[in-house]
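Okay, so here's the structure we're looking at.
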Protein chains: 2
Amino acid sequence: MALAVRTQPAKRTESRAKRRRQLINATIRCIARRGLSGTTMGEVARVAGLSQGIVNLHFQSKDNLLTETLRFLSDEYKALFERTLAQSGPGAAEKLLALMQLDLKPSVCDRQKLAVWFAFWGEAKSVPTYQKICDAHDREYDEVMLKLCESIINDGRYKGVNAQQVVDALSSMTDGLWLAALIRPKSWDRHEAFDAVYSYLGAVFPRHYS
Amino acid sequence: MALAVRTQPAKRTESRAKRRRQLINATIRCIARRGLSGTTMGEVARVAGLSQGIVNLHFQSKDNLLTETLRFLSDEYKALFERTLAQSGPGAAEKLLALMQLDLKPSVCDRQKLAVWFAFWGEAKSVPTYQKICDAHDREYDEVMLKLCESIINDGRYKGVNAQQVVDALSSMTDGLWLAALIRPKSWDRHEAFDAVYSYLGAVFPRHYS
DNA sequence: ATAAAATGAATGATCATTCATTCATTTTTC
DNA sequence: GAAAAATGAATGAATGATCATTCATTTTAT
């Protein structure tokens with residue numbers, strides 16, 4: 001990932017939306033590289049190839065830039081999530097599996113992207129806005145997962161299987177696998193991670209996953 | 001959690017070890033409250049009820065203070081882990097369960113403490129020292145878990161159960177449950193978290209957990 | 001008296017924000 | 001169509017606040 005590589009002179013002015021997007025992308029890159037502590041407005045500007053003033057022009061403050069960056073991440077994920085649901089097979093089991101696969105997909109479970117997620121989670125307790133955005137994000141995700149699990153339980157007549165528990169276990173597992181990918185990149189393996197998730201699905205819903 | 005409440009005048013001088021410990025505790029409190037970005041040497045000194053200079057005297061630099069703080073957390077957890085192993089029943093299944101319970105125990109799975117763990121994880125990619133400490137920590141934990149799982153698999157003659165997979169699933173699950181406790185404190189429930197873990201154990205090792 | 005712990009102000013660096021100025025584009029006037 | 005005026009994007013230096021580190025001095029323990 002080369003920072004601030006510019007192969008040709010950029011247009012000096014650009015639409016507001018494009019500029020904001022450019023600055024958010026630069027922010028993501030800076031956070032991924034330097035963490036939240038090391039992310040400065042100066043560095044965001046440098047990575048974006050723009051001036052420091054324009055960051056403030058578009059986002060008013062550093063706090064707002066970071067908040068908007070987190071919102072962007074959340075919205076981006078949401079779009080992927082919805083597309084995954086729309087494009088997967090019609091059954092609840094297929095959709096659930098597709099969502100698990102989404103979380104471990106190279107473009108989502110990418111170490112740069114994970115570093116950014118964890119950077120915001122790391123500040124969630126001290127910055128209530130981040131916590132709210134993350135909470136809302138999780139909640140949406142979980143509701144869909146819950147419906148899918150309930151559907152599978154009904155379909156497969158699984159007794160003693162609690163849908164909420166399965167959702168808690170699955171979503172925790174993927175978050176934890178993300179952490180492992182971040183902390184232990186050398187020993188982490190995408191397929192093994194998927195196998196761990198799949199083996200859970202197989203254990204809980206043997207008639208749907210085996 | 002009252003910061004810097006002093007009910008009586010502290011001794012002006014104190015042993016080196018006690019001072020360092022005091023400063024590390026103050027650091028943990030600051031990180032829990034303000035995050036890593038908001039943790040300053042000035043605030044650590046204030047919370048410890050000491051001068052700014054003494055923080056540098058004992059730790060040389062902010063970076064070193066934070067690194068030592070992470071090491072302290074890791075060592076503290078390790079001591080608890082070993083004590084839990086020593087005090088649990090003799091069987092692998094009992095020990096594994098005890099370790100799962102340790103992770104969800106109020107004194108360990110405490111939102112202040114979690115905030116600090118996540119703060120360091122959030123900077124793991126940008127601060128290689130943090131990553132190394134966390135990686136080593138995880139590795140030790142996982143080795144013990146692996147042996148316990150292998151033992152249970154042998155004892156219960158579980159076919160098609162892969163010990164490494166179970167370890168990956170369990171440790172990810174607890175990390176993810178920690179994240180949920182941090183992001184969603186209002187809806188998070190310790191017993192439900194444990195139930196999710198226990199149901200996984202029951203699904204994978206039905207002859208040992210039910 | 002000496003050595004070590006501890007203080008807290010000074011220091012220089014860094015940072016987020018501001019703002020005077022420049023630049024590019026659009027609109028208006030002729 | 002061309003030139004001038006208006007508008008808004010963009011620049012980057014200035015500014016004041018904040019911060020980590022340093023160090024001269026004070027305090028404490030032996």
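Compute, for the protein assembly as shown, the length of the dipole vector about the Cα centre, with Cβ point charges of +1 (Lys, Arg) and -1 (Asp, Glu) only. Units Debye, rounded to 20.
Using Cβ point charges on Lys, Arg, Asp and Glu, the protein assembly as shown gives about 1740 debye.
Under a 10 Å cutoff between Cα atoms, tell me which one of A:Gln131, A:Gln165, A:Gln112 has the largest fluctuation in the Gaussian network model of chain A.
Largest GNM mean-square fluctuation: A:Gln165.
Once the Cα gyration tensor of the stretch A:64-204 is diagonalised, what are the square roots of 5 times its eigenvalues, in whole Å and ordered largest first, as equivalent ellipsoid semi-axes?
Square roots of five times the eigenvalues give 26, 18, 14 Å.
Expressed in nm², what is the orientationally averaged projection area of the convex hull enclosing the Cα positions of the protein assembly as shown?
23.1
Could you give the length gained on full extension between B:Ala79 and B:Arg16, defined as 0.36 nm per residue of separation minus the Cα-Cα distance, in nm?
Value of the extension gain: 20.5 nm.
Taking the alpha-carbon centroid of each part, what is the distance from the stretch A:176-194 to the stretch B:32-52 in angstrom?
Distance between centres, Cα-based: 33 Å.
Are there trypsin sites (Lys or Arg not before Pro) in the stretch A:177-210 that DSSP marks as loop and that have at most 13 other Cβ atoms within 10 Å, and which are they?
Of the trypsin sites (Lys or Arg not before Pro), the ones in loops of the stretch A:177-210 whose Cβ has at most 13 other Cβ atoms within 10 Å are A:Lys186, A:Arg207.
I'd like the distance separating the alpha-carbon centroids of the stretch A:150-173 and the stretch B:77-122, in whole Å.
26
Suppose we take every Cα in the stretch A:12-60 and form the convex hull; what volume per residue is that in Å³?
In the stretch A:12-60, the Cα convex hull volume per residue is 62 Å³.
Using a 1.4 Å probe on the heavy atoms of the protein chains only, list every residue of the stretch B:29-61 that has 10 Å² or more less accessible area in the complete assembly than in its chain alone.
For the stretch B:29-61, once contacts with the other chains are taken into account, B:Ala32, B:Arg33, B:Arg34, B:Gly35, B:Leu36, B:Ser37 lose 10 Å² or more.
Taking only Cα atoms and a 10 Å spring cutoff, compute GNM fluctuations for chain B and point out the largest among B:Ala26, B:Ala48, B:Ala17.
B:Ala17
Can you tell me the accessible area per residue over the protein assembly as shown, all protein chains present, probe 1.4 angstrom, in square angstrom?
Per residue, the protein assembly as shown has an accessible area of 47 Å².
Among B:Cys30, B:Leu97, B:Gly53, flag the residue with its Cα farthest along the positive direction of the charge dipole of chain B, charges on Cβ as +1 for Lys/Arg and -1 for Asp/Glu.
B:Gly53
Heavy atoms only, probe 1.4 Å: what % of the accessible area of the protein assembly as shown goes to carbon and sulfur, would you let me know?
49
Note the angle between two axes, namely the Cα long axis of helix B:16-34 and the longest principal axis of the Cα atoms of chain B, as a number of degrees from 0 to 90, rounded to the nearest 10.
Here the helix axis deviates by roughly 70 degrees.
Counting only other chains, and only Cβ atoms inside 10 Å, what mean value do you get across the residues of A:125-134?
That average works out to 4.
What is the interface area between chains A and B, defined as buried accessible area summed over both chains with a 1.4 Å probe, reported in Å² to the nearest 100?
Rounded to the nearest hundred, the buried surface is 3700 Å².
Step through the residues of the stretch B:82-97 one at a time and calculate ³J(HN,Hα) from phi using the Karplus curve (6.51 cos²θ - 1.76 cosθ + 1.60, θ = phi - 60°), rounding each to whole Hz and writing x for Gly and Pro.
5, 5, 4, 4, 5, 8, 7, x, x, x, 4, 5, 5, 5, 4, 4
The values are calculated or read from the model by the stated rules, or taken from the named source; none is laboratory data. Since we're looking at a predicted model, the values are computed, not measured. Cβ atoms come from the backbone with ideal geometry, glycine included; neighbour counts cover every protein chain shown. The protein model used for the area step is the full one, side chains on, heavy atoms only, and it has no ligands, DNA or RNA in it. Shrake-Rupley method; radii C 1.70, N 1.55, O 1.52, S 1.80 Å.
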